[in-house]
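I have placed the structure first, in the form of structure tokens, so that the comments after it can refer back to it.
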Amino acid sequence: MDEQLKSGTTTVGMVCKDGVILAADKRATAGNLIVTKHIDKIYEINEDLAITMAGTVSDAQLLAKLVKAEVKLKEIRTGRKITVKEAANLLGGMVYANIRKMSLIPGVSHFVLGGKDENGTEVWDLFADGSVTKVDDYISSGSGSVMAYGVLETLYKKDITIEDGVKLVVKSINAALQRDSASGGGIDVIAITPKDGIKRVLKKELDVKLEI
């Protein structure tokens with residue numbers, strides 16, 4: 001159980017005046033072993049919704065696939081696009097049920113959901129206990145969140161733009177990459193705006209291989 005695959009992780013969700021941003025590192029660990037340096041921790045549910053994932057990898061991946069299917073089914077049944085709040089509560093219910101089922105491996109998962117609907121753009125925190133909280137400014141999850149929060153607390157401004165927000169989330173995750181052994185590999189960043197929906201703005205992998 002102590003060697004179960006975890007995404008270690010630093011993820012960030014940020015509210016900007018012209019949209020929202022989601023970002024994450026790319027490392028997955030099992031104990032002290034770096035299992036992969038290329039995992040994708042940002043998952044697109046549809047063209048309007050995306051989540052960052054932290055926690056036990058198998059549970060996070062399965063829940064991401066399930067919520068994608070449930071969102072599609074709800075839209076077919078109702079004949080309309082799901083709102084960001086509805087998607088957040090749907091996933092929150094799944095996390096709540098998952099953490100409370102009997103299992104030899106604890107199903108711990110923490111999601112940050114960002115998206116757009118007719119009301120604009122929003123970020124929601126789906127904590128590991130299943131609680132659902134709307135984010136007014138920024139949120140960070142994972143083992144590197146302590147380092148990320150130090151940067152965010154210092155530099156975030158309420159009227160920040162997507163352009164400046166991307167630079168800030170990169171700085172915050174970079175702080176975790178420098179000090180958190182479970183975070184690394186690189187960084188993925190997406191922006192979600194009312195006009196363009198989901199757009200990947202940065203995908204960078206770190207190469208630390210030494211050659212002589």
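Scanning region 96-119 for residues that are at pLDDT 95 or above and either among the aliphatic types (A, V, I, L, M) or loosely packed, with under 14 Cβ neighbours inside 10 Å (or both) returns V112, L113.
Restricting attention to region 129-178, report how many residues are of a type in the set (F, W, Y) and either touching a residue at least 40 places away in the same chain (Cβ under 8 Å) or out of contact with any Ser or Thr (no Cβ under 8 Å at 6 or more places or on another chain) (or both). Can you show your working first?
Initially, region 129-178 is screened for residues of a type in the set (F, W, Y), giving 138, 149, 156.
Now drop any that are not either touching a residue at least 40 places away in the same chain (Cβ under 8 Å) or out of contact with any Ser or Thr (no Cβ under 8 Å at 6 or more places or on another chain) (or both), which leaves 138, 156.
So the count comes out to 2.
Among the residues of region 19-38, the ones that are modelled with pLDDT under 95 and either in a loop (DSSP other than H, G, I, E, B) or at positive phi (or both) come to 6 in all.
So which residues in region 123-137 are touching a strand residue (DSSP E or B) at 6+ places or on another chain (Cβ under 9 Å) and surrounded by fewer than 23 Cβ atoms within 10 Å (Cβ to Cβ), if there are any at all? Outline the logic, then answer.
If we filter region 123-137 for residues that are touching a strand residue (DSSP E or B) at 6+ places or on another chain (Cβ under 9 Å), which is where we start, we get 123-128, 131-137.
Result: D125, F127, A128, S131, V132, T133, K134, V135, D136, D137.
Please determine, by comparing only the residues of region 167-207 that are in a strand (DSSP E or B) and among the small types (G, A, S), which one is nearest to Y138 (Cα to Cα).
Of the residues in region 167-207, the ones in a strand (DSSP E or B) are 186-193, 197-205.
The next check asks that each one be among the small types (G, A, S); those that pass are 186, 191, 197.
Numbers: G186: 21, A191: 14, G197: 19 Å.
Looking at residues that are in a strand (DSSP E or B) and among the small types (G, A, S), I get A191.
Inclusion of G55 among residues that are of a type in the set (G, A, S), crowded, with 19+ Cβ neighbours inside 10 Å, out of contact with any His (no Cβ under 9 Å at 6 or more places or on another chain) and outside any loop (DSSP other than H, G, I, E, B) is not warranted. Of the residues in region 134-141, at least one is within 22 Å of G197 (Cβ to Cβ) and β-branched (V, I, T). The set of residues in region 159-212 that are surrounded by 13 or more Cβ atoms within 10 Å (Cβ to Cβ), farther than 15 Å from G13 by Cα and acidic (D, E) contains only D180. Quick one: would you say E70 is surrounded by fewer than 19 Cβ atoms within 10 Å (Cβ to Cβ), among the acidic types (D, E) and either assigned to a helix (DSSP H, G or I) or free of Cβ contacts under 8 Å to residues at least 60 places away in the same chain (or both)? Criteria met by E70.
The values are calculated or read from the model by the stated rules, or taken from the named source; none is laboratory data. Everything quoted here is computed from the prediction, not taken from an experiment. All Cβ positions, even for glycine, are placed from backbone atoms using ideal geometry, and neighbour counts span all protein chains on display.
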